[in-house]
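What follows is a short report on a single structure.
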Amino acid sequence: MRTVYILWLRQIKRYFRSRSRIVGAIGQPLLFLLALGYGLGSVYKAAGRGNYLQFLVPGIMAQTVLFSSMFYGAMIIIDRQFGFLKETLVVPVSRFKIMIGGALGGATTAVIQGSLVFFISLAIGFRPHNWIMTLVALVFMCALALAITSFSSGIGSFVQDMQGFQAINQFLVFPLYFLSGALYPLNNVPTWLRIIAEINPISYTVDALRWAMLGTTKFGLRADILAMSITLVVLMTFGTIRFRHIRD
Amino acid sequence: MIEVNNLTKRFGDFTAVDNVSFSVNRGELFALLGPNGAGKSTTIKMLTTLLKPTSGKLKLNGLDVVKDPDAVRRSFGIVFQDPSLDTDLTAYENMELHGIMYGVAKKELAPRIEELLRLVELWERRNSFVKTFSGGMKRRLEIARGLLHHPKVLFLDEPTLGLDTQTRHLLWSYVDSLTKEKAMTVLFTTHYLEEAESNAHRIAIIDHGKLIAIGSASELKKSTGTDSLEQAYLELTGSEIREEEVDAHEAWRSIRRARNMR
Ligand SMILES: Nc1ncnc2c1ncn2[C@@H]1O[C@H](COP(=O)(O)OP(=O)(O)OP(=O)(O)O)[C@@H](O)[C@H]1O
Ligand SMILES: [Mg+2]
């Protein structure tokens with residue numbers, strides 16, 4: 001337990017010491033909130049769908065958690081380049097504990113980022129339908145964060161350089177995010193888009209966050225929780241197995 | 001304590017370690033010498049579970065290194081040739097992280113860290129970020145970290161590279177006391193032959209991945225009919241410069257050429 005804790009703490013310390021990372025990771029969602037929220041707000045309203053900012057905020061929170069969690073995999077590659085990875089690979093601690101300590105640390109920072117976006121959203125006019133339910137949203141963010149940090153540790157264990165890692169971000173994670181319904185409603189979209197959204201695990205987290213913060217859901221809470229649990233188990237298994245074969 | 005049998009490592013069709021066998025006894029201070037690119041670090045990486053051998057058997061503390069890496073990791077400590085610190089943490093935090101990962105008991109940890117940081121004269125700088133350290137200070141911290149827990153087998157891959165004379169003396173006397181008092185087994189590499197001559201109980205020399213000689217310094221001198229380890233070493237390995245160094249020269253020359261053209 002001490003080992004998991006100290007590896008978790010390492011990630012937390014590195015996060016709070018890197019002001020540029022905090023600001024950078026807040027900047028992008030803020031840009032989305034302002035540019036899209038204000039930019040498309042009137043179109044959305046004209047279409048008779050109500051307040052776009054309300055709709056958008058859970059999506060942007062999911063975005064923040066998703067990409068902050070992916071960043072954890074990049075940290076593994078940085079550790080490899082700086083040589084620190086070797087140190088963690090010869091210690092008498094099981095690969096599982098090493099992976100989970102770091103992934104929990106990465107997940108914690110991702111949830112902090114997501115929560116910061118929540119508070120920023122409040123400042124620009126977002127209102128959750130029920131304050132208690134925002135705590136449930138926190139649980140959903142944690143589940144997403146741990147699933148994605150596990151996934152990105154798996155990726156970081158076999159992708160050797162940053163370019164390879166960025167490619168996975170560009171060609172897998174970005175498309176999944178854009179097609180998840182985070183930015184626009186999935187009603188009245190072409191069938192192919194709807195099908196992709198329905199097999200896309202990110203859609204269910206976005207939907208669950210909307211359920212917790214707005215009280216509306218597309219797939220239903222049970223489907224959301226089921227999909228999120230499956231995603232968490234599958235990605236943690238993937239991360240654990242890949243990390244077991246990690247090479248320096 | 002360490003048994004290496006017919007160890008071979010190939011990278012593609014290049015053979016970095018070629019059918020090497022030797023063994024190191026408990027409490028022995030054993031030097032692995034050889035020119036650049038001889039295969040010393042590759043041998044250590046295989047012994048420390050970082051690389052899988054192409055063929056051959058490796059045993060450490062009676063355990064099979066390939067089959068039982070988790071148990072093997074409990075038996076050794078290592079100071080790597082290349083940097084391996086977290087430069088975004090402080091010196092103290094690097095030590096603490098290492099101690100906890102190696103299961104050093106809580107109440108022993110703080111005094112042990114203080115003792116070692118004082119030994120390498122970094123105690124005053126314990127709360128500085130490692131990225132603010134000079135090359136030699138980083139190396140000293142890595143040494144201190146490697147000595148923090150007391151493993152059965154300690155690997156030191158060019159530990160004194162870039163260290164000042166004072167710290168080198170400190171290191172060797174500390175390591176010597178560990179082999180005597182704790183019967184710790186130490187395998188180290190170095191390019192300073194006088195370090196091997198005055199500290200190692202036995203020396204193995206490898207070249208182009210092959211083991212070419214093994215024995216105490218006086219045995220090596222006797223067998224080559226020379227009167228210093230340096231001469232014996234040159235006798236055994238020849239005096240031509242190795243690939244890597246040639247490459248470095250070549251690179252340097254092309255830089256100068258480029259400069260002259262401007
Ligand atoms: N991952 C790798 N892929 C391909 N070749 C490698 C790899 N690692 C090492 N080598 C090659 O294996 C040979 C032995 O390298 P090694 O690092 O073991 O040398 P060394 O004896 O430690 O030398 P030095 O004194 O310079 O540290 C070198 O020719 C090196 O280029
Ligand atoms: Mg080497």
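The values are calculated or read from the model by the stated rules, or taken from the named source; none is laboratory data. Everything numeric in this text was worked out from a predicted model, so none of it was measured. Neighbour counts run over all protein chains shown; Cβ positions are idealised from the backbone, glycine included. SASA here: full protein model, heavy atoms, side chains in, ligands and nucleic acids out. Shrake-Rupley method; radii C 1.70, N 1.55, O 1.52, S 1.80 Å.
Of all residues in region A:162-196, count the ones that are open to solvent by less than 70 Å² (accessible area, probe 1.4 Å) and touching a Lys or Arg at 6+ places or on another chain (Cβ under 9 Å).
3
Quick check on this structure: which one of B:235, B:194 is more than 16 Å from ligand 2 (Cβ to nearest atom), assigned to a helix (DSSP H, G or I) and surrounded by fewer than 15 Cβ atoms within 10 Å (Cβ to Cβ)?
One residue alone meets the criteria, B:194.
Anything in region A:58-93 that is away from chain B (no Cβ under 14 Å) and polar (S, T, N, Q)? List them, or say none.
A:63, A:64, A:68, A:69, listed by residue number.
Is it true that some residue in region B:46-53 is in contact with a helix residue (DSSP H, G or I) (Cβ under 6 Å, 6 or more places away or on another chain), within 16 Å of ligand 2 (Cβ to nearest atom) and part of a strand (DSSP E or B)?
No, every residue in region B:46-53 fails to be in contact with a helix residue (DSSP H, G or I) (Cβ under 6 Å, 6 or more places away or on another chain), within 16 Å of ligand 2 (Cβ to nearest atom) and part of a strand (DSSP E or B).
Which of the residues belonging to region B:96-111 are part of a helix (DSSP H, G or I) and open to solvent by less than 40 Å² (accessible area, probe 1.4 Å)?
Of everything in region B:96-111, those that are part of a helix (DSSP H, G or I) and open to solvent by less than 40 Å² (accessible area, probe 1.4 Å) turn out to be B:97, B:98, B:99, B:100, B:101, B:109.
Take residue B:90 and decide whether it is more than 9 Å from chain A (Cβ to nearest Cβ), open to solvent by less than 50 Å² (accessible area, probe 1.4 Å) and among the hydroxyl-bearing types (Ser, Thr, Tyr).
Yes, satisfied.
Here is a list: A:17, A:80. Which entry is touching a residue at least 60 places away in the same chain (Cβ under 8 Å) and either within 23 Å of residue A:169 (Cα to Cα) or not hydrophobic (A, V, I, L, M, F, W, C) (or both)?
A:80
Which one of these is within 16 Å of ligand 1 (Cβ to nearest atom), out of contact with any Ser or Thr (no Cβ under 6 Å at 6 or more places or on another chain), assigned to a strand (DSSP E or B) and not aliphatic (A, V, I, L, M): B:42, B:15?
B:15
Looking for whichever is part of a helix (DSSP H, G or I), within 22 Å of residue A:32 (Cβ to Cβ) and either over 17 Å from the mean Cα position of the chain (by Cα) or within 14 Å of another protein chain (Cβ to nearest Cβ) (or both) here; the options are A:55, A:96. Which one fits?
Working: A:96 fails: within 22 Å of residue A:32 (Cβ to Cβ).
Every option except A:55 fails the conditions.
Report yes if some residue within region B:174-186 is within 16 Å of ligand 1 (Cβ to nearest atom), under 30 Å from residue B:89 (Cβ atoms) and among the hydroxyl-bearing types (Ser, Thr, Tyr); otherwise report no.
no
Which of (1) under 14 Å from the mean Cα position of the chain (by Cα); (2) loosely packed, with under 14 Cβ neighbours inside 10 Å is the odd one out, the single condition residue A:206 does not satisfy?
(2) is the only condition that residue A:206 fails.
Could you run through region B:68-84 and say how many residues are within 7 Å of chain A (Cβ to nearest Cβ) and open to solvent by 10 Å² or more (accessible area, probe 1.4 Å)?
In the first step, residues of region B:68-84 are kept if they are within 7 Å of chain A (Cβ to nearest Cβ); the result is B:70, B:73-74, B:78, B:80, B:82-84.
If we keep only those that are open to solvent by 10 Å² or more (accessible area, probe 1.4 Å) as well, we get B:70, B:73-74, B:78, B:80, B:82-83.
Count: 7.
If a residue must be surrounded by 18 or more Cβ atoms within 10 Å (Cβ to Cβ) and in a helix (DSSP H, G or I), how many such residues does region B:197-222 contain?
Applying the first criterion (surrounded by 18 or more Cβ atoms within 10 Å (Cβ to Cβ)) to region B:197-222 yields B:197, B:199-200, B:202-207, B:209, B:211, B:213, B:217, B:220-221.
Now restrict to residues that are in a helix (DSSP H, G or I): B:197, B:199, B:217, B:220-221.
So the answer is 5.
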